[in-house]
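Single-structure report; data block below.
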Amino acid sequence: MSKGKKLKRVEENLYGAGKKKTDKYIVGQFISNPRGFGFVEVEGLEEDIFIPEEYVHGAFHTDTVEVELLSEQTGKRQEGRIRNILVRGMEELVGTYQAEKNFGFVVPDNSKVLSDIFIPIEHSGKAVTGDKVVVKLTDYGNQALRKKPEGKVTQVIGNINDPGVDILSIVKGFDIPYEFPEKVINQANRCPDQISEADMYGREDLRDVQMVTIDGEDAKDLDDAVSLYIDEKGLYHLGVHIADVTNYVQESSALDREALKRGTSVYLVDRVIPMLPHRLSNGICSLNHGEDRLALSCLMTIDKNGGIIDHQIVESVINVNERMSYTSVAKILEEKDEAEIEKYKELVPMFQEMAELSAILRKKREDKGSIDFDFPETKIILDSEGNPIDIVPHERNVATKLIEDFMLAANETVAEHFFFLQSPFVYRIHEQPDPEKISTLSAFISNFGLHIRTRKDTGVRPKELQKLLKGIEGTKEEAVISRMALRSMMQAKYSTECLGHFGLAFDYYCHFTSPIRRYPDLQIHRIIKDHLRGRMTEAKASHYADILDEVAKHSSETERRAEEAERETDKLKKAQYMENHIGERFEGIVSGVTAWGLFVELENSCEGIVRAASMNDDFYVYDENSMKLVGESTHKEYSLGQKVMVKVVGADRIAKTIDFRLVSDNDDDDEFDENVYDSYIDIPKAKKISDERSRKIKKLGAIARGEETEYTSEKKEKKASGRSSKKESKKADKNSGRLVEYNGEMIDLSEYEPDSVTGGFRKKRSKSDKLSTSKRGKKSGSSDSEKKSTRKVYKVHKYKKSATSKAARSAQGKGRKRK
């Protein structure tokens, strides 16, 4: 949750200004690590700068910092020391509240925030123990003085045990806008439910053209429809019709500003956070069947080889004939389901022609070198309380591929059209892979006798990677090499420059087809309409040139944010699902290999780690070049893509982690111990930190469930039993001694003590003897002192060496003067 305001200058005297340094200072963003150290990402630098824990100097995760590069380094990376914190990257965070008597603490959800946040009682709001809260940081603390950060509770999200609060906490943690401001809602409510005659003026009337929407069963925001017919020359006339959202979302309006802020709709495991209010996305902007709707239509004429020989981009009025689902269309085309064919008999011929064209377009893309990473996807099924009850495969079928092919064709056509118009535009780009990553991939696949050709001037071509993936289809190496190839790719993003799309092997590409859920699509619809209506003046073009770079950058950032939030919610629910399967065996595939263990992915897509510390049959060494763990004695190997049998030994929804242990067919299930990790020889520091944080949050959740009394009584019982056991042990020590032979006799050592005079043993004196002796000494001493002096004597406190208070000194001084 970042806004970035406060500046901070690191004090030289606190952090050792006199240490050896260079004159080179660099500005970058600090990325914290739960173990205390961190890295600074610097734009333009290929490798991040490592910041040791002692040189973090109070920087928080995502702070913009000034770094001093160190001339000495302990590892391979360049090391640095944070000299100044320029801009605070985090002003708010989400965590679990813990109430104390006169104050409170918040345990942060973000593991990269290393300290709990102190909350003064007057700033705790209505939060109680176990509440998920949003905290505004008021003080970032002082690492040198061991002062904790302070904050103020600004919002109570809900109790940690309430359904949906776990997901909402992640949403808040990523600073994703959840509720629409009142002004935005009011503007959406003023939009009409039906289009008017005035809205249709000047548009192409396509209401008589047969068309359908094809989406998932539960989709409500239907923003694309497709139509197709074949003419007498055998040419395909494909129409891709996209909802004209810009007719209702005017530039710089409250709706537009909110849509830009959100950037994209976010699809989480239990909810959708829309870019636009439901009044628009599920209403007038949704292409509901049987209703007139405004659209932007890309009408393409395609030959039998998949070549787009002509196209038109027009403003249109459409009326969808049928709302189809992927399942229904797949039943018609793949399963030849008679009931489904009969139900949609008027549309079946068009679906069959669509399948033909889809195959042609796909083949054309493959011939150009398009890369298709077809990794399995899953869907998490939740009950009414938000608990995961199943994880089911989400397979691509002929219908999903059909829509994908048609949308790609439209996106490519629109991008090419506006590139040659030399218009300001937002493109979707996927750049050439990094040469180093391709070199790593090439070295890795050489272990399997495979190779890819690269050129010094152009690098690797998409066709080479496609050839590699096709060559390993059906082999045991397919999974591992496909993953490595994917990891060597760059991330796609938005840009005002047309740099092509490497993965799709397109020279021109944009996002045109989803203006309800992606802001770049909405933005280019405005540009398209300005061209179609003759409004693209020099001033307008200059205006777009000024804003589009920021639109592209912000849209890429919000897309990354949405993807991370989606991943986090999936990891949370998968860990929660696996909590019910602890002790069970599963077959999985090694999806990652590191020096500290193996990542294993199960068939249900749940991924967990087998820690090297638990692999006790040998000592395993990481081979970085081959990406393997190799046993020193047995030479047993574990590599990417290898099938292994694992047992679930732990799952933590708080940390969003799953722990596995490798097992063989001979292992006995009855030997399973839930506390298996307690016996690990070496648990990594990061794991210990994560476990401690989870333990704290789980304890707060237990208290919030009403288990506080039980916890307190248990604690009291432990204290009471501790006291009684101490007393008993003392009595036992008194009564039972240790018998030894001394001067020819057996004596009990508990009744004797060393004698400093003789060097032997003497009988211990009783307590009463000691007291009487000390009293006699005191009496005789006091009488003597009374005779010697009448000066006032100050008693000395038992922890003080002498009575040297000001009062004592002055009184004693007066006494001397009198004499």
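Computed from the coordinates by the stated procedures, all read-outs in this text should not be read as laboratory data. Just so it is clear, the model here is predicted, and its values are computed rather than measured. Reconstructed Cβ throughout: ideal geometry from the backbone, glycine too, with neighbour counts over all protein chains shown.
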Listed with the fewest Cβ neighbours within 10 Å leading, His451, His417, His511 appear as His451, His417, His511
At most 10 other Cβ atoms within 10 Å and a DSSP loop assignment: could you name the chymotrypsin sites (Phe, Trp or Tyr not before Pro) in the stretch 115-210 that fit? Tyr201
Taking θ = phi - 60°, what integer Hz values does the Karplus form 6.51 cos²θ - 1.76 cosθ + 1.60 yield along the stretch 357-374, in sequence order, with x for Gly and Pro? 5, 4, 5, 5, 5, 5, 5, 5, 5, 5, 4, 7, x, 4, 9, 10, 8, 9
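Of Lys148/Lys688; Lys401/Lys456; Lys656/Lys698, which sit over 25 Å apart, Cα to Cα?
In this structure, Lys401/Lys456 exceed 25 Å between Cα atoms.
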May I ask which of Lys493/Lys647; Lys470/Lys574; Lys574/Lys696; Lys261/Lys540; Lys553/Lys643; Lys132/Lys220 have a Cα-Cα span longer than 29 Å here? Lys493/Lys647; Lys470/Lys574; Lys553/Lys643; Lys132/Lys220
Loop-resident sites, the stretch 597-661, for GluC sites (Glu not before Pro), counting at most 13 other Cβ within 10 Å (DSSP): Glu603, Glu624, Glu632
In what order do Asp193, Asp617 fall by count of nearby beta-carbon atoms within 10 Å, going from fewest to most? Asp193, Asp617
Exposure proxy check on Cys606, Cys498: fewest-to-most Cβ neighbours within 10 Å is Cys498, Cys606
Using a 7 Å offset from the Cα along the Cα-to-Cβ direction at both Glu179 and Glu53, what is the distance between the two label points in nm, to one decimal? 4.1
Go through the stretch 338-410 and name the trypsin sites (Lys or Arg not before Pro) that are in a DSSP coil and have 14 or fewer other Cβ atoms within 10 Å of their Cβ. Lys345, Arg396
I'd like the Karplus ³J(HN,Hα) series for the stretch 469-476: coefficients 6.51, -1.76, 1.60, θ = phi - 60°, whole numbers in Hz, and an x wherever there's a Gly or Pro. 5, 5, x, 9, 4, x, 8, 6
